[in-house]
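Notes follow the structure.
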Amino acid sequence: MGRHREIDVEKVLDAALSVFWRKGYEGTSYADLVEAAGVERPAFYSAFGNKEALFRKVLARYDELYLDYIPEALRLPTAYEVAAHILRKAVEHNTRYPDRMGCLGINGAVAASDDAEPIRQMLAEFRAAGRERLRERFERAKVEGDLPKTAKPDALAAFVMTITQGIAVQAKAGMNRELLEQVTEQALASWPAGRRSRSGKSPTQASS
């Protein structure tokens with residue numbers, strides 16, 4: 001009896017990631033995934049399970065490989081720089097690959113059937129976790145005086161997340177990068193200034 005060819009897990013996950021990113025969760029069939037991976041269906045199922053289980057693994061890999069700019073942003077010294085880094089990198093990320101415009105998380109969330117409810121819930125929790133990390137960072141900025149006392153960290157975190165999600169949706173719909181960059185700068189122009197002087201001022205704040 002011949003031996004089964006060993007599966008390169010990372011290569012297969014990357015192939016599946018590309019398909020999910022391009023087609024969304026419900027738009028992707030198991031046959032699409034098997035074909036993209038170039039692995040026999042029984043071996044593929046044995047290694048990764050059903051489509052839902054595979055998507056969970058893919059989302060973790062996507063977070064690791066493509067969303068590293070978010071933890072980078074959280075380490076920046078000012079709240080403005082945090083927001084600016086996330087929004088500008090979101091534009092770059094969502095328009096970088098002509099065959100995979102938008103964001104895996106947002107594309108994957110466009111799912112309508114009851115069967116996809118666990119995926120919708122998982123992605124909602126994924127986004128909520130990101131929003132919570134931002135809220136905590138903006139809470140610290142408020143304590144440090146980097147944001148004004150009237151600032152609402154929860155609303156600011158939701159604001160940044162809403163803009164990034166809008167960028168993903170519009171990029172998927174075909175909006176060009178230049179216009180998305182203008183949208184980002186428009187959003188950043190409204191960022192609240194605190195009492196502490198900052199290197200990460202917006203152009204409007206720097207000129208005042």
Return the whole-Å distance between the Cα centroid of region 86-158 and the Cα centroid of region 13-53.
25 Å
With each pseudo-label sitting 7 Å past Cα toward Cβ, what's the R127-D32 distance in nm, one decimal?
2.0 nm
Report the paramagnetic label zone for R177: residues of region 59-98 whose backbone N is under 18 Å from a point 7 Å from Cα along the Cα-to-Cβ axis.
66-69, 85-98
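With +1 on each Lys and Arg Cβ and -1 on each Asp and Glu Cβ, and nothing else charged, work out how big the dipole of the chain is about its Cα centre, in Debye to the nearest 20. Please list the in-between numbers first.
Numbers: 31 positive and 29 negative charges, 145 e Å.
Magnitude of the dipole: close to 700 debye.
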Which option, (1) 9, 33, 37, 17, 3, 0; (2) 8, 23, 13, 7, 6, 6, 9, 13, 11, 4, 0; (3) 8, 31, 29, 18, 9, 3, 1, 0, is the value of P(r) over Cα pairs in 10 Å bins from 0, in percent that was calculated from these coordinates?
(3)
Per-residue ellipticity at 222 nm attributable to helices in the chain (runs of n ≥ 4 DSSP H, -39500 (n - 2.57) apiece, nearest 500 deg cm²/dmol) works out to -21500 deg cm²/dmol
Give me a comma-separated list of calculated 3J(HN,Hα) values for region 60-74, in order, Karplus coefficients 6.51, -1.76, 1.60 applied at θ = phi - 60°, integers in Hz, x for any Gly or Pro.
5, 5, 4, 4, 5, 8, 10, 10, 5, 5, 6, x, 4, 4, 5
I want to check the label-to-label distance for E185 and R41. Put each point 7 Å from Cα in the C-beta direction and report it in nm to one decimal.
5.2 nm
Please work out how much length the chain gains when fully extended from E144 to D99, using 0.36 nm per residue of separation minus the C-alpha to C-alpha distance, in nm with one decimal.
11.9 nm
Got a sec? Charge dipole of the chain, +1 on Cβ for Lys and Arg, -1 for Asp and Glu; which of A36, P71, G194 is way out at the positive end?
G194
With the charge dipole of the chain built from beta-carbon charges (+1 for Lys and Arg, -1 for Asp and Glu) about the Cα centre, the Cα from V9, P98, I163 projecting farthest to the positive end belongs to I163
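Bear in mind that the values in this text are calculations on the coordinates, not laboratory data. All figures in this text were calculated on a predicted structure; none of them were measured in a lab. Here Cβ is always computed from backbone atoms with ideal geometry, including for glycine, and neighbour counts include all displayed protein chains.
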